[in-house]
Ligand code: SAM
């Protein structure tokens, strides 16, 4: 492991390699080492742990993960970042491997043969797609031990929202039926270079046992119907889903309830009955 004081300032790295931020690639870089170290602490002690990072960019978060003692595999779509990451590799011999690829094309089961954490300041344009992909795997529990992910604050709030709140919806249920979720920290827009228009937040998800007897596709369909008309009562929004309205009473849900008042456990129970 290297002495942090030997690492060049991130601003210098960006300038040296001409890494002007690309909007299309969702590039908003974090340069504050203290903040990056705090993010790297969210998953817990990473010494000797495998970490998958999406979008290392100039390598700010990557450095923090390497300093925490992690073995990092990073996938970056922007080839301009590769020389900066190669320099980082020299500071942390045998700790970093970089894949030049689109993260959406990566098959994590092929990449890792032992458990790993996923940590990323996600590019906003592909963040939700990646989260949904990681949460929707056929087999559960997955190979990953935790997700520590930066999202727009509004999306982060939806992931961790409790029933009854405005943010509660399909993304909350998709995340919470298979994971413990929490909003770990909010990050002010001014912390990024360049600053995005909106505030950001880090969510932390840890997989839990999946409830028995629930077909994920049925749960998905159920929440799709229920939240398609958020302001409507369930007897209206579920009327085209065979057997759903009739099953409500058995799981303690009233036909007159609106979807945001139904807990994750109740949706899961309903999906089990319909599975
Ligand atoms: N980790 C750096 C940081 O915290 O400063 C950069 C974060 S920036 C928000 C997102 C990064 O993801 C950029 O480096 C961008 O090039 C990369 N990226 C965008 N789309 C990607 C994709 N589909 N696959 C892999 N990397 C991608």
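Here, each number is a calculation from the coordinates, and none is a lab measurement. Nothing here was measured: the structure is a model prediction, and the numbers come from that model. Methodologically, a virtual Cβ is constructed for each residue, glycine included, from the backbone with ideal geometry; neighbour enumeration extends over all protein chains shown.
The table that follows gives values for the structure above.
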| item | result |
| --- | --- |
| Failed criterion for residue 249 (all others in (1) farther than 25 Å from residue 39 by Cα; (2) surrounded by 13 or more Cβ atoms within 10 Å (Cβ to Cβ) hold) | (2) |
| Failed condition for residue 149, given (1) without any contact (Cβ under 8 Å) to a residue 60 or more places away in the chain; (2) farther than 24 Å from residue 266 by Cβ; (3) surrounded by fewer than 20 Cβ atoms within 10 Å (Cβ to Cβ) | (3) |
| 2 or more residues more than 29 Å from residue 43 (Cβ to Cβ): qualifying helices (runs of 4 or more DSSP H) within the stretch 145-254 | 216-228, 234-237, 244-247 |
| Filter result for the condition that a residue is loosely packed, with under 14 Cβ neighbours inside 10 Å and either under 30 Å from residue 221 (Cβ atoms) or within 12 Å of the ligand (Cβ to nearest atom) (or both), over 53, 79, 157 | 79 |
| Residues within the stretch 57-76 that are under 15 Å from residue 117 (Cβ atoms) and near the ligand (Cβ under 8 Å from one of its atoms), tallied | 3 |
| Single residue of 39, 132, 106 found to be near the ligand (Cβ under 9 Å from one of its atoms), surrounded by fewer than 20 Cβ atoms within 10 Å (Cβ to Cβ), in contact (Cβ under 8 Å) with a residue 12 or more places away in the chain and within 18 Å of residue 145 (Cα to Cα) | 106 |
| All positions within the stretch 109-129 that are closer than 15 Å to residue 71 by Cα, under 10 Å from the mean Cα position of the chain (by Cα) and away from the ligand (no atom under 12 Å from the Cβ) | 118 |
| Complete set of residues in the stretch 82-103 that are touching a helix residue (DSSP H, G or I) at 6+ places or on another chain (Cβ under 7 Å) and surrounded by fewer than 17 Cβ atoms within 10 Å (Cβ to Cβ) | 100 |
| Odd one out for residue 143, checked against (1) out of contact with any strand residue (DSSP E or B) (no Cβ under 8 Å at 6 or more places or on another chain); (2) surrounded by 13 or more Cβ atoms within 10 Å (Cβ to Cβ); (3) free of Cβ contacts under 8 Å to residues at least 40 places away in the same chain | (1) |
| Failed criterion for residue 21 (all others in (1) assigned to a loop (DSSP other than H, G, I, E, B); (2) closer than 16 Å to residue 151 by Cα; (3) in contact with a strand residue (DSSP E or B) (Cβ under 7 Å, 6 or more places away or on another chain); (4) more than 7 Å from the ligand (Cβ to nearest atom) hold) | (2) |
| So residue 268, is it buried (at least 17 other Cβ atoms within 10 Å of the Cβ) and in a loop (DSSP other than H, G, I, E, B) | no |
